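Here the structure is laid out as structure tokens; the discussion comes afterwards.
The values are calculated or read from the model by the stated rules, or taken from the named source; none is laboratory data. The structure presented is a predicted model; accordingly, all values stated were derived computationally and were not measured. A quick note on method: Cβ atoms are made from the backbone with ideal geometry, for glycine too, and the neighbour counts reach across all protein chains shown.
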Amino acid sequence: MVDLTYLTEHRADRFDVEPAQGTMKAVVTTGNGGYDKLEYRDVPIPAIGPTDVLVQVRAAGVNNTEINTRLGWYSSSVTAGTEQLAESGPSGAVDDGGWNAKTPFPLIQGTDCCGVVYALGEGVNGIETGQRVLVRACMRATGYDSLENIWMASDFDGAFAQFVRVPASEVFAVDCDWTDAELATIPCAYGTAENMVHRAGVGASDRVLVTGASGGVGSALVQLCKRRGANVVAVAGRDKLDAVRALGADRVIARGEDLIESLGESSVSVAIDNVAGDNVGPILKLLARGGRYVSSGAIAGPVVSVDMRDFYLKDLRLIGCTAWDEPVFPNLVRYIERGEIRPLVAATFPLADIAKAQAQFGDKTFVGNFVLLPP
């Protein structure tokens, strides 16, 4: 189990105390709101507890997660898609706007971290300073018999900084020739994707529909499903279809086309859908008897309409995925080291340019992931 007490206690005053180990550059998100809530400034380098490690951040990926948290999109009071909320802006502080509760602002976000082990707590064994590591962002603090989970950068400070403090159990050494920026595309997007693929039991006999296939999670899903031998039907913007096909998709469909007309009812065994919105009902009709609908997001809108007869008459399974299962992250490290997946770095930005990066991220004109580089 993971002891996170040291990471989350005394949150309110942690940026106001005298630094014990000097200062670092970080992006501090001060509350729910627009880009004005992102402050690039000096903060104390975190002190580590006996079972922690201090990681020097080399690269940190940009995800929907950070933007959604800043906007308060996870609140049950929000019914719009992420793009609509970004355009209109949040109405103010949201009491249930974080993963598990009200987000503990001020907060250093940054769910994706590639870095180097800089210092070890006195009780840490099996890890060496200087090792290049990835941080498992989803932590099962009460063990894998419970689905309770804690997320770096949503529940405690993350990687949009020069250093981050994490439990030693959550760092994984990686031996590969990838760049730091390439490795930083992996944790959140590929962890989320592998968790869905793993939990749905995707295999060679499956035909899998992947929506939003050009994004970070979607492009990871195409690779991970193909790695397991599945036949993949990918949905993406028309100008991105060639790039998605190059990832291994067996068939590509332009976003906005009628999926039932294109594929026919009962034509796929698994649908992995992080888009949601108006397409959820039609997607259930696409699923064959005994099919699995899997999701860990809803960027087009969280409140959907379905025909429950499609659900129960076809014996479908609806699988929600937030807490990562135990094999997920070790699996990803093996895939990287064996060369079985590849990263997709769409662009890199200095950490100080986070607002520019998030604005371009919201335009969705790219394939893959954006990465921030600390000084």
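So which residues in region 6-34 are modelled with pLDDT of 60 or more and exposed (fewer than 12 other Cβ atoms within 10 Å of the Cβ), if there are any at all? It would help to see each step written out before you state the result.
Taking region 6-34 and keeping what is modelled with pLDDT of 60 or more, we get 21-34.
Listed by number, the list holds a single entry, GLY22.
Just one of the numbered conditions (1) modelled with pLDDT under 95; (2) outside any loop (DSSP other than H, G, I, E, B); (3) buried (at least 20 other Cβ atoms within 10 Å of the Cβ) is not true of ALA300; which one?
Every listed condition holds for ALA300 apart from (2).
Could you tell me how many of the residues in region 254-274 are β-branched (Val, Ile, Thr), part of a strand (DSSP E or B) and more than 16 Å from ASP206 (Cα to Cα)? Lay out the reasoning, then the answer.
Of region 254-274, the ones β-branched (Val, Ile, Thr) are 260, 268, 270, 272.
If we keep only those that are part of a strand (DSSP E or B) too, we end up with 268, 270, 272.
Then drop every residue that is not more than 16 Å from ASP206 (Cα to Cα), which leaves none.
Within region 254-274, residues that are β-branched (Val, Ile, Thr), part of a strand (DSSP E or B) and more than 16 Å from ASP206 (Cα to Cα) number 0.
Would you say VAL217 is touching a residue at least 24 places away in the same chain (Cβ under 8 Å), within 29 Å of PHE370 (Cα to Cα), in a helix (DSSP H, G or I) and among the hydrophobic types (A, V, I, L, M, F, W, C)?
Numbers: touching a residue at least 24 places away in the same chain (Cβ under 8 Å): yes; within 29 Å of PHE370 (Cα to Cα): yes; in a helix (DSSP H, G or I): yes; among the hydrophobic types (A, V, I, L, M, F, W, C): yes.
So VAL217 passes the test.
Scan region 312-334 and tell me whether some residue there is surrounded by 18 or more Cβ atoms within 10 Å (Cβ to Cβ), over 30 Å from SER267 (Cα atoms) and not polar (S, T, N, Q).
yes
Give me a count of the residues in region 327-345 that are part of a loop (DSSP other than H, G, I, E, B) and in contact with a Lys or Arg (Cβ under 6 Å, 6 or more places away or on another chain).
First pass over region 327-345, keeping only residues part of a loop (DSSP other than H, G, I, E, B): 327, 339-344.
When the remaining residues are screened for being in contact with a Lys or Arg (Cβ under 6 Å, 6 or more places away or on another chain), the result is 340.
Residues meeting the conditions: 1.
Take ASP112 and tell me if it is part of a loop (DSSP other than H, G, I, E, B) and at pLDDT 95 or above.
Details: part of a loop (DSSP other than H, G, I, E, B): yes; at pLDDT 95 or above: yes.
Against the criterion (part of a loop (DSSP other than H, G, I, E, B) and at pLDDT 95 or above), ASP112 qualifies.
Determine if region 275-291 includes at least one residue that is in a strand (DSSP E or B), crowded, with 20+ Cβ neighbours inside 10 Å and at pLDDT 95 or above.
Let us first name the residues in region 275-291 that are in a strand (DSSP E or B), namely 287-291.
Subsequent filtering for residues that are crowded, with 20+ Cβ neighbours inside 10 Å retains 287, 291.
Now drop any that are not at pLDDT 95 or above, which leaves 287, 291.
So far as region 275-291 goes, yes, one or more of its residues are in a strand (DSSP E or B), crowded, with 20+ Cβ neighbours inside 10 Å and at pLDDT 95 or above.
Take the conditions surrounded by fewer than 22 Cβ atoms within 10 Å (Cβ to Cβ), in the same structural domain as GLY216 (by TED's automatic domain parsing) and under 21 Å from CYS188 (Cβ atoms) and apply them to ALA243. Does it pass? So that I can check it myself, show each step before the final result.
Working: surrounded by fewer than 22 Cβ atoms within 10 Å (Cβ to Cβ): yes; in the same structural domain as GLY216 (by TED's automatic domain parsing): yes; under 21 Å from CYS188 (Cβ atoms): yes.
Yes, satisfied.
Between a first residue in region 145-156 that is over 25 Å from PRO106 (Cβ atoms) and a second residue that is surrounded by fewer than 22 Cβ atoms within 10 Å (Cβ to Cβ), which pairs have beta carbons less than 9 Å apart while being 6 or more apart in sequence or on different chains?
Between residues of region 145-156 that are over 25 Å from PRO106 (Cβ atoms) and residues that are surrounded by fewer than 22 Cβ atoms within 10 Å (Cβ to Cβ), the close pairs are SER146/ARG140; SER146/ALA323; LEU147/ARG140; LEU147/THR322; LEU147/ALA323.
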